[in-house]
Amino acid sequence: MTSLDRIAAYVVEAKLADMNDAVRDKARVFLLDSLGVGIAGSSGEGVAELTQTVGSFGDGDEATVWVTGERLPATSAAIVNAYQLHCLEYDCVHEGAVVHPMATVLSASLAHAEKRSADGCPVSGPDFLVALAVGVEVATLLGVAAEGPVRFFRPATAGGFGAAAALAKLEGLDEKAVKDTLGITYGQTSGTLQPHAEGSPVLGMQIGFNARGALTAVALAKAGFRGPHEILDGAYGYFRMFEDNRFDLEAIWSRLGREWQIAQLAHKPFPSGRLTHGVLDALRQLEAKGIARDDIVGINGDVPPLVYRLVSRPDQPDPASNYAKLCLAYVAGAWIARGNVDVPEFRAPVLTDPTVHKAAAMVSLKQDDNPDENALVPQKFTFSLADGRKEIVELKQVYGHPDVPLSPEENEAKFRRCITYGAKMLRTRQGDDLVTAVDGIEDLDDVADLARLTVAP
């Protein structure tokens, strides 16, 4: 039995009854969170232009662009919605995998469900919930198995396989067709870290490209096209080509079918790179001790190699929004200067606020000797105070991790904030209806209703 055989068997055999109440609850939590983030992302950089551009790729009204309501082919709508989900850097993440799975999995799956609804074959809530969980499982375990440093953009690359697995599950494909779907997906897999380094919006678009690829792959597999099957550990497979031939498949097999990774997702309490959240958590803890932000005169961070490599970039006086979200110094400066980090902190006029950049200049980072190339923790921050004292905050986990999660009230509060940040304002009642629909998803006859509820009047 090959690696892909084992994954295909899992996709076919997984069922909602395998998910206990706690796992189902987490699935609903991150579905609501992701819909809220996608709604907020409709006001992100270049969304209107992206929608107009992909709308010119072909005719069709199979699926909805969230919030603004344009009807596009499912593949085009998935590109836009996936971008909306990730462009604010507010979407949930699996820390061990370094993957944001819901951006690809949800955008592709909901677009596909809308297409099915229009064709008179609606997707039920229970079927949708298990497909989401299966997709998250595949995407995240590919990341967990990778042992080398992140070289390509895993939310796009591994995320694409997760979307393909979810779609294959929704279609009820047999094991051969599941393997073909994943193989055809591999033929379209893409996504580099260069946009991350430059703060380019193409970073989030890569997630959309792979969501589109998954939709294309399942259609081709259903039409009988055969995909390559040695796509994971073959001579030119994913792990050898995308993960520098450093991987441990046992990390997949020890978890697949035994754990549900959707229950291991971490919230993003703030709309910035997850690797910047440690300093914000430390600042929160400092304030909880009664230490005012104005008392801070210096911040020194000892962080793992992954954190240092991806968010230690220097602050700039006039940064692009995407650059600032992935600059730990800017993120810390925004908190110190403004007492908050949310969507407005990454838009004009805050991006050029001199008080933010003055505070950012206090921050310095040092890479620790953590041998794990994918570790986010532990982190240690030493704060120098105006009276000469030093305060140290050590983090074993960062706020938002499953061990220190958002409360149900905090999760809903984030959702309520997010729906006020969209390109158009949703009515309060629409937010109420989305919360109700997600809470009762196992009673939904047609999950396409979720997409309809995102559209502002």
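The values are calculated or read from the model by the stated rules, or taken from the named source; none is laboratory data. What you are looking at is a predicted structure, and each value in this text was computed from that prediction instead of being measured. Note that we place each Cβ from the backbone using ideal geometry, even for glycine, and neighbour counts take in every protein chain shown. For accessibility, only protein heavy atoms count, side chains too; no ligands or nucleic acids. Shrake-Rupley method; radii C 1.70, N 1.55, O 1.52, S 1.80 Å.
Values computed for the structure shown
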{"read-out": "Residue list for the stretch 285-305, filter: in a helix (DSSP H, G or I) and over 15 Å from Phe270 (Cβ atoms)", "value": "Leu286, Ala288, Arg293, Asp294, Asp295, Pro305"}
{"read-out": "Failed criterion for Thr382 (all others in (1) of a type outside the set (A, V, I, L, M, F, W, C); (2) more than 28 Å from Ser34 (Cα to Cα); (3) modelled with pLDDT of 95 or more; (4) part of a loop (DSSP other than H, G, I, E, B) hold)", "value": "(4)"}
{"read-out": "Subset tally (residues that are crowded, with 24+ Cβ neighbours inside 10 Å and either among the acidic types (Asp, Glu) or not in a helix (DSSP H, G or I) (or both)) for the stretch 124-146", "value": "2"}
{"read-out": "Residue list for the stretch 423-457, filter: part of a helix (DSSP H, G or I) and touching a strand residue (DSSP E or B) at 6+ places or on another chain (Cβ under 9 Å)", "value": "Ala448, Ala451, Arg452"}
{"read-out": "Wholly within the stretch 1-69, helices (runs of 4 or more DSSP H) carrying at least 2 residues that are open to solvent by 30 Å² or more (accessible area, probe 1.4 Å) and at pLDDT below 95", "value": "none"}
{"read-out": "Selection count, the stretch 306-320, where residues are assigned to a loop (DSSP other than H, G, I, E, B) and among the hydroxyl-bearing types (Ser, Thr, Tyr)", "value": "1"}
{"read-out": "Candidates Ala251, Ala223, Ala211, Ala263 - the one that is free of Cβ contacts under 8 Å to residues at least 40 places away in the same chain and either farther than 30 Å from Ala22 by Cα or of a type in the set (Gly, Ala, Ser) (or both)", "value": "Ala223"}
{"read-out": "Residue list for the stretch 96-123, restricted to those being under 23 Å from Pro269 (Cα atoms) and crowded, with 24+ Cβ neighbours inside 10 Å", "value": "Ala97, Val98, Val99, His100, Pro101, Met102, Ala103, Thr104, Val105, Leu106, Ser107"}
{"read-out": "Qualifying position, being basic (Lys, Arg), within 11 Å of Val398 (Cβ to Cβ), at pLDDT 95 or above and open to solvent by 20 Å² or more (accessible area, probe 1.4 Å), among Arg284, Arg293", "value": "Arg284"}
{"read-out": "Selected residue (only one of Lys424, Lys390, Lys396, Lys414 is surrounded by 15 or more Cβ atoms within 10 Å (Cβ to Cβ) and basic (Lys, Arg))", "value": "Lys414"}
{"read-out": "When residues of the stretch 195-207 are limited to those that are open to solvent by 40 Å² or more (accessible area, probe 1.4 Å) and at pLDDT below 95, the one farthest from Ile231 (Cα to Cα)", "value": "Glu198"}
